[in-house]
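One structure below.
The values are calculated or read from the model by the stated rules, or taken from the named source; none is laboratory data. Here the structure is a predicted model, which means the values were calculated and not measured. As a convention, Cβ positions derive from the backbone with ideal geometry for all residues, glycine included, and neighbour counts pool all protein chains shown. Note: areas computed on protein heavy atoms with side chains; ligands, DNA, RNA excluded. Shrake-Rupley method; radii C 1.70, N 1.55, O 1.52, S 1.80 Å.
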Amino acid sequence: MTDTVSFGYEDVSPEEKTRRVGGVFASVASKYDVMNDAMSGGLHRVWKDVFVRRVKPRAGEAILDMAGGTGDIAFRMEKSGAAITVADINPAMLEVGIERAAKRGIDGLVWSEANAETLQWPDRFFDAYTIAFGIRNVTDIPKALREAHRVLKRGGRFFCLEFSTTLWPGFGDVYDAYSHHVVPKVGQAIAGDAESYRYLIESIRRFPNMERFKEMIGEAGFVQTKVEPMLGGLVAIHCGWKI
Ligand SMILES: C[S@@+](CC[C@H](N)C(=O)[O-])C[C@H]1O[C@@H](n2cnc3c(N)ncnc32)[C@H](O)[C@@H]1O
């Protein structure tokens, strides 16, 4: 029997998941930014601001923003003077990011097609690795975490921003109802694609809880792992250090 992985609420082969996730982001790329605002009421901007404050990028550092998509995290970090590489498996998302950067007059970013599971950079290359709303879409998450550890220098830091499971009583039910019933409809109305948004919501539900994901980061070799929940854990920042 072949091993399966989750694609939303379905279990599929690893190859099929990678293919379907590619289809989701190719389909939503052009509407991705407007949908983020519509679905989160603009809150994703606040979460990303907090995230980058935690990362504390500094001039002279080399930082890999993995699953960087259309550049939201990179644009925030670039102001620090750090050298940022935006990497993503999906060329359609990167293309939108490159256009956005040009419109903003940002020309110092390196854009690179890459699969988080098999990075093309040598060992101990980056000072920090960031991944925002990306890791749950990766087929083999432990493999991606090991790769993150490999490409970081000793003393390098790993930061992940991802949806998780809120521990606030009642709020979880309201959010569940909103996400399952409203988000696909908004996806249909704005992006003409309910299915992709249904997947994005289902993938949140299948993602390991905060404690388990923290353990997984430790299993990849990181130390001093921590988690910072926001809205009770609806969204969480995980971090760890390579020594
Ligand atoms: C929800 S978007 C997040 C984009 C951006 N980080 C942000 O916060 O706006 C998820 C991104 O993960 C990328 N992705 C999915 N699987 C990946 C993989 N195996 N390696 C690299 N990127 C991947 C998708 O192409 C997509 O651009």
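Find the Cα radius of gyration of the range 130-198, compare it with 2.2 N^0.38 Å by division, and give the number to two decimals. Don't skip to the end; give the middle numbers.
Details: Rg = 16.4 Å, N = 69, 2.2 N^0.38 = 11.0 Å.
My calculation over the Cα atoms of the range 130-198 gives 1.49.
Rolling a 1.4 angstrom probe over the protein chains, ignoring ligands and nucleic acids, what is the accessible area of THR225 in square angstrom, nearest 10?
30 Å²
Normalized C-alpha radius of gyration of the range 1-75, against 2.2 N^0.38 Å?
Working it through for the range 1-75, the quotient is 1.42.
So what J values fall out for the range 162-174 if you push phi through Karplus, 6.51 cos²θ - 1.76 cosθ + 1.60 with θ = phi - 60°, rounded to Hz, Gly and Pro as x?
Taking θ as phi minus 60°, the curve returns 8, 5, 9, 10, 5, 9, 6, x, x, 4, x, 5, 4 Hz for the range 162-174.
If R₀ is 25 angstrom, what is the calculated FRET efficiency for the pair ARG45 and TRP241, using the beta carbon separation as r and rounding to 0.05?
Once the sixth-power term is evaluated, E becomes 0.40.
How much length, in nm to one decimal, is gained on full extension between ASN209 and ALA194, taken as 0.36 nm per residue of separation minus their Cα-Cα distance?
This chain segment gains 2.8 nm when fully extended.
Among MET210, SER179, ALA29, flag the residue with its Cα farthest along the positive direction of the charge dipole of the range 5-241, charges on Cβ as +1 for Lys/Arg and -1 for Asp/Glu.
So the residue furthest toward the plus end is MET210.
State to the nearest 20 debye the size of the charge dipole of the range 1-91 about its Cα centre, where the only charges are +1 on K and R beta carbons and -1 on D and E beta carbons.
500 debye
How much accessible area per residue does the chain have, counting only protein heavy atoms and a probe of 1.4 Å, in square angstrom?
46 Å²
What size of dipole, in debye to the nearest 20, comes out for the chain about its Cα centre when the only charges are +1 on Lys and Arg C-beta atoms and -1 on Asp and Glu C-beta atoms?
Computed about the Cα centre, the dipole is about 840 debye.
Determine the calculated [θ] at 222 nm for the chain from helices alone, applying -39500 (n - 2.57) to every DSSP H run no shorter than 4 residues and normalising by the residue count; nearest 500 deg cm²/dmol. Numbers along the way, then the final one.
Details: 10 runs with 108 residues, N = 243.
Value at 222 nm, helices only: -13500 deg cm²/dmol.
Divide the volume of the convex hull of the Cα atoms of the chain by its number of residues and quote the answer in cubic angstrom per residue.
Working: hull volume 28.9 nm³, N = 243.
In the chain, the Cα convex hull volume per residue is 119 Å³.
Holding the Cα-Cα limit at 23 Å, pick out from LYS17/LYS56; LYS48/LYS143; LYS31/LYS79; LYS31/LYS214; LYS185/LYS214; LYS56/LYS214 the pairs that are longer than that.
LYS17/LYS56; LYS48/LYS143; LYS31/LYS79; LYS31/LYS214; LYS185/LYS214
Quick check: with the 1.4 Å probe, what order do TRP121, TRP241 take by accessible area, largest first?
On the way: TRP121 35, TRP241 90 Å².
Accessible-area ranking of TRP121, TRP241, largest first: TRP241, TRP121.
Suppose R0 equals 25 Å; then what is the FRET efficiency for GLU16 and ARG146 from their Cβ-Cβ distance, rounded to the nearest 0.05?
Using R0 = 25 Å, I get an efficiency of 0.65.
Once amide H atoms are built 1.01 Å from N in the peptide plane, which residues 5 or more positions from THR166, or in another chain, come under 5 Å H to H?
Sorted by chain and number, the residues that satisfy this are LEU234.
What accessible area, in Å² to the nearest ten, does a 1.4 Å probe give for ASP72?
20 Å²
Dividing the alpha-carbon Rg of the range 123-243 by 2.2 N^0.38 Å yields what? Provide the component values of the computation, followed by the final result.
On the way: Rg = 15.9 Å, N = 121, 2.2 N^0.38 = 13.6 Å.
Its radius of gyration relative to the 2.2 N^0.38 Å reference: 1.17.
Work out how much length VAL186 to ARG58 would gain on full extension: take 0.36 nm times their residue separation and subtract the Cα-Cα distance, in nm to one decimal.
Working: separation 128, 0.36 × 128 = 46.08 nm, distance 3.79 nm.
Extra length from VAL186 to ARG58 when fully extended: 42.3 nm.
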